[in-house]
Amino acid sequence: MRRPFFLFTLLSLFLFESPIAYSQEEAAEEILNFMQKNPEKCAISLIHNQELIKTHRENEMMPLASTVKIMIALEFAYQTKEGNLKKEEEIPLSELDHFYVPNSDGGAHQAWINSLALSDNESTVSLLEIAKGMMQFSSNANSEYLLDRLGIEKVNQRIKALNYENHEPIYYFVSALFISQELLPDKENVDKKVSRLKKMSKIDYIEACRKIHYELKQDAAFSKSLKPLHIKLQESWSNRLPASTTSTYIDLMKKLNNKNHFPKAVQATMDQLMEGVMQSKANQKWLKHAGMKGGSTPMVLTKATYATDKDGDQTELVYFFNELDFLSNLNLQKKMNAFELMILKDKRFREKVKELKFD
């Protein structure tokens, strides 16, 4: 039996209290309990006021899912600063539709379009809004489009310029969904397709994605041709997503939180893209600033966040899960907001994280 097909689910995780059927602390401790019982499925890096509170498998390469979009956003910030792109440039929505794969993003792309509240005669949107749609709604169509506009080579060069050696190259990961359909015979059974995909070299895999991306770019109907993927093919695709480490992303979170590493124009753009949580009046009451990006597939759950509260306390948190079963993934997602709030607000809970022992 096939599970519903989706790519990255929409992670609406905001740093404020909400009415729930269980206490915030109980929800947060469920994540700690899962980490303790499944140490091989998780990694974490936590820093509070420049003190390293907790690390576990911080140098383990794990699939990033949509958290990788932070790197795309960073290159966007640099190219708009340098004048290669203009934030206010208007782009036809039809161009984005070339890269929209129905039922593949948990409703993220449509939620973003709905948020724009466009009138019937409006058919364009600014590049800045496209980047916001990628970061704050996790639209994968927007990600694929921006990778095309920015140039994947330049995105990967930016990662190298930051000396992030533990980061795999970014490629057209939406296009990758079509590989099993376009390159492998339909008559092959699923296990044989998975086996053939595993044998593909990284170079061949990325090149196949590039060719499929070109087809998507040329033919708007092509993106609507993807058949539902068997869960084993979803897993194969998920396992080959760009990977990195919590140590890499905690360093980036520190740079963004301190706001003194990147050029001012770059930092200002990253604030626009990362700090959507600050639109909430509830968050404005206790936070000076905060930013985040998360992502998931049916097997992966990732999150990178930073915050500075009104008392000046700074926190950076990055945690990844991989090889999750479907129900564990959904359950963890429901608890993530509580987990992050407890880390930010409760010294006693941070001590629990610090003292956490892995089996």
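The values are calculated or read from the model by the stated rules, or taken from the named source; none is laboratory data. Only a predicted model underlies this, so the values are computations on that prediction, with no experimental measurement involved. Don't worry about glycine lacking a Cβ; one is built from the backbone with ideal geometry, like all the others, and counts go over all protein chains shown. For accessibility, only protein heavy atoms count, side chains too; no ligands or nucleic acids. Shrake-Rupley method; radii C 1.70, N 1.55, O 1.52, S 1.80 Å.
Using the Cβ atoms and a cut-off under 9 Å, what net charge is assigned to the surroundings of LEU287, where Lys and Arg are +1 and Asp and Glu are -1? Net local charge, LEU287 excluded: +2. Using a probe of 1.4 angstrom and keeping all protein chains present, the accessible surface of the range 247-359 works out to 39 square angstrom per residue. Using the Karplus relation 6.51 cos²θ - 1.76 cosθ + 1.60 with θ = phi - 60°, the per-residue 3J(HN,Hα) values for the range 203-210 come to 5, 5, 5, 5, 5, 4, 5, 4 Hz, with x marking Gly and Pro. Amide H contacts of ILE53 (H built 1.01 Å from N, in plane; Pro and chain starts excluded): LEU46, ILE47, HIS48 sit under 5 Å, all sequence-distant by 5 or more or on other chains. Among the trypsin sites (Lys or Arg not before Pro) within the range 326-359, those in coil by DSSP and having at most 16 neighbouring Cβ atoms inside 10 Å are LYS357.
Sorting check: for 137-147, 116-126, which peptide has the highest mean count of neighbouring beta carbons within 10 Å, and how do the rest follow?
Working: 137-147: 26.4, 116-126: 11.3.
Highest to lowest by the protection proxy: 137-147, 116-126.
Each residue of the range 130-143 was assigned a 3J(HN,Hα) from its phi angle through the Karplus curve 6.51 cos²θ - 1.76 cosθ + 1.60 (θ = phi - 60°); the sequence is 5, 5, 5, x, 5, 8, 8, 10, 6, 5, 6, 4, 5, 5 Hz, with glycine and proline shown as x.
Tell me the per residue accessible area of the range 116-194 using a 1.4 Å probe; a whole number in Å² is fine. Could you put the intermediate results ahead of the total?
Working: 3450 Å² over 79 residues.
Here the residues of the range 116-194 average 44 Å² of exposed surface.
Ordering ILE91, HIS289, ALA176 by Cα displacement along the dipole of the chain toward the positive end leaves ALA176 in first place; charges were set at the Cβ atoms of Lys, Arg (+1) and Asp, Glu (-1).
Rounded to the nearest 20, the Cβ-based charge dipole of the range 197-268 about its Cα centre (Lys and Arg +1, Asp and Glu -1) stands at 120 debye.
Using only the Cα atoms, what convex hull volume per residue in Å³ does the range 56-132 have? The partial results should precede the final answer.
On the way: hull volume 10.7 nm³, N = 77.
With only Cα atoms used, the range 56-132 gives 139 Å³ per residue.
Nothing charged except the Cβ atoms of Lys and Arg (+1) and of Asp and Glu (-1): what's the magnitude of the dipole of the chain about its Cα centre? Round to the nearest 20 debye. The calculated dipole for the chain is roughly 500 debye. Size check on the chain: the Cα extents along the three principal axes, sorted descending, read 56, 47, 41 Å. The portion of the accessible surface of the range 221-359 made up by carbon and sulfur, rounded to a whole percent, is 51 (1.4 Å probe; DNA, RNA and ligands excluded). Every helix of 4 or more DSSP H residues in the chain counts as -39500 (n - 2.57), and over all residues that averages to -14000 deg cm²/dmol at 222 nm. Close amide H pairs (under 5 Å, H built 1.01 Å from N) link VAL174 with no residue at least 5 positions away or on another chain.
Comparing the range 238-313 with the 2.2 N^0.38 Å rule of thumb, its C-alpha radius of gyration ratio is 1.22 (two decimals). Electrostatic tally near GLU351: other residues with Cβ closer than 14 Å to its Cβ, Lys and Arg +1, Asp and Glu -1, net +3.
Can you give the local net charge around GLU168? Use residues other than it whose beta-carbon is closer than 11 angstrom to its beta-carbon, Lys and Arg +1, Asp and Glu -1. Please list the in-between numbers first.
On the way: positive: LYS202, ARG240; negative: GLU165.
That sum, taken over residues with Cβ under 11 Å, equals +1.
Applying 1/(1 + (r/R0)^6) with r as the Cβ-Cβ distance of ASN121 and LYS357 and R0 = 51 angstrom yields a FRET efficiency of 0.25. Of the residues MET270, MET342, MET135, the one that moves most in a GNM of the chain with alpha-carbon contacts below 10 Å is MET342.
Is there a quick way to get the dipole size of the range 307-347? I mean about its Cα centre, with the Cβ of Lys and Arg at +1 and of Asp and Glu at -1; what is the value in debye to the nearest 20? Present the calculation step by step, with values, prior to reporting the outcome.
On the way: 5 positive and 8 negative charges, 34 e Å.
Here the range 307-347 has a charge dipole of around 160 debye.
Close amide-amide hydrogen proximity is noted between GLU60 and THR246, each under 5 Å apart and 5 or more residues distant or on a separate chain (H modeled in the peptide plane; Pro and chain starts excluded).
Leaving out ligands, DNA and RNA, what percent of the accessible area of the range 137-206 is carbon and sulfur, probe 1.4 Å? Intermediate values should be presented prior to the final figure.
Working: 1670 of 3450 Å².
With neighbouring chains kept in place, the figure for the range 137-206 is 48 percent.
Largest first, the three principal axis extents of the alpha carbons in the range 122-164 are 41, 18, 15 Å in whole numbers. In a solvent-free Debye calculation with one equal scatterer on each Cα, what is log10 I(q)/I(0) for the range 76-195 at q = 0.12, 0.18, 0.19, 0.22 Å⁻¹, listed in the order of the q values? For the requested q values the scattering log ratios are -0.55, -1.02, -1.09, -1.28.
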